[in-house]
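Data block below; observations after.
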Amino acid sequence: MPEELIGLILLSFTILLLPAICVAVTRQAAEGLIGANASAGIRTRYTRASSAAWVAGHTAALPVVKIMWPVAGAGLVTAAVVQLIAGGPTGTGVAFLALIAQTMVLLRSAAVANRAARSATHDDVQ
């Protein structure tokens, strides 16, 4: 099996595993099953301020985190097509770009969570 194909398979596995874990953790935190003191979840100063802020942040972030699934699907299909057409390391490069896109979605979800948690913390103070 060519090295390029092995790299593409490993990246593909990562691209599928990442949203599975992130969506599950975010959903559990939004439901209060994972607390702010756990090692998993969107851990910012504002999301860890209180239990209400933790839940509010993860509830707000969940729809954004779910965007990782279509990003994964589009990235994997595109990587496979590019690999079939161009060969070499091109499919792996496209898969790597999909992984970068998923990272951008995660950063966006953290910003959304932080904003919602900050509002929840601000509401608690008033």
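Of the residues making up segment 29-49, those that are surrounded by fewer than 16 Cβ atoms within 10 Å (Cβ to Cβ) and over 9 Å from N114 (Cα atoms) are E31, G32, L33, G35, N37, A38, S39, A40. With the checklist (1) touching a Lys or Arg at 6+ places or on another chain (Cβ under 9 Å); (2) within 27 Å of A95 (Cβ to Cβ); (3) open to solvent by 20 Å² or more (accessible area, probe 1.4 Å) in hand, flag the one item V23 doesn't pass. For V23, the failing item is (3).
From the list R43, R118, the one residue that fits, being in a loop (DSSP other than H, G, I, E, B), at pLDDT below 95 and of a type in the set (D, E, K, R), is R43. In segment 1-20, the qualifying residues are those that are among the aliphatic types (A, V, I, L, M) and touching a residue at least 24 places away in the same chain (Cβ under 8 Å), and the one that is surrounded by the most Cβ atoms within 10 Å (Cβ to Cβ) is L8. Can you tell me which residue within segment 50-64, out of those that are open to solvent by less than 30 Å² (accessible area, probe 1.4 Å) and without any contact (Cβ under 8 Å) to a residue 60 or more places away in the chain, is farthest from the chain's Cα centre (by Cα)? Looking at the filtered set, the residue picked out is H58. Step by step: first the residues of segment 86-122, then only those that are over 21 Å from the mean Cα position of the chain (by Cα), of a type in the set (G, A, S) and within 19 Å of H58 (Cβ to Cβ), then the one that is surrounded by the most Cβ atoms within 10 Å (Cβ to Cβ). Which residue is that? Looking at residues that are over 21 Å from the mean Cα position of the chain (by Cα), of a type in the set (G, A, S) and within 19 Å of H58 (Cβ to Cβ), I get A120. Taking every residue in segment 72-100 that is free of Cβ contacts under 8 Å to residues at least 24 places away in the same chain and pairing it with any residue that is among the β-branched types (V, I, T) and exposed (fewer than 15 other Cβ atoms within 10 Å of the Cβ), at least 6 positions away or on another chain, the pairs with Cβ-Cβ distances below 9 Å are V94/V81. So is V77 over 18 Å from A20 (Cβ atoms), among the aliphatic types (A, V, I, L, M) and assigned to a helix (DSSP H, G or I) or not? No, not satisfied.
Restricting the search to segment 50-74, which residues are more than 13 Å from V112 (Cα to Cα) and in a helix (DSSP H, G or I)? The answer is S51, A52, M68, W69, P70, V71, A72, G73, A74.
Residue check: is G73 over 27 Å from R48 (Cβ atoms) and open to solvent by less than 30 Å² (accessible area, probe 1.4 Å)? In short, no. Name every residue in segment 48-62 that is of a type outside the set (F, W, Y) and over 11 Å from S109 (Cβ atoms), in order of residue number. Matches in segment 48-62: R48, A49, S50, S51, A52, A53, V55, A56, T59.
Applying the set (1) at pLDDT below 95; (2) crowded, with 16+ Cβ neighbours inside 10 Å to I67 leaves exactly one unmet item: (1).
Here Q83 fulfils each of the conditions (1) open to solvent by less than 60 Å² (accessible area, probe 1.4 Å); (2) assigned to a loop (DSSP other than H, G, I, E, B) apart from (2).
The values are calculated or read from the model by the stated rules, or taken from the named source; none is laboratory data. Not measured: the values here are computed from a predicted model. In this analysis, Cβ positions are derived from the backbone assuming ideal geometry, glycine residues included, and neighbour counts consider all displayed protein chains. Note: accessible area is taken over every heavy atom of the protein model, side chains too, but ligands, DNA and RNA are not part of it. Shrake-Rupley method; radii C 1.70, N 1.55, O 1.52, S 1.80 Å.
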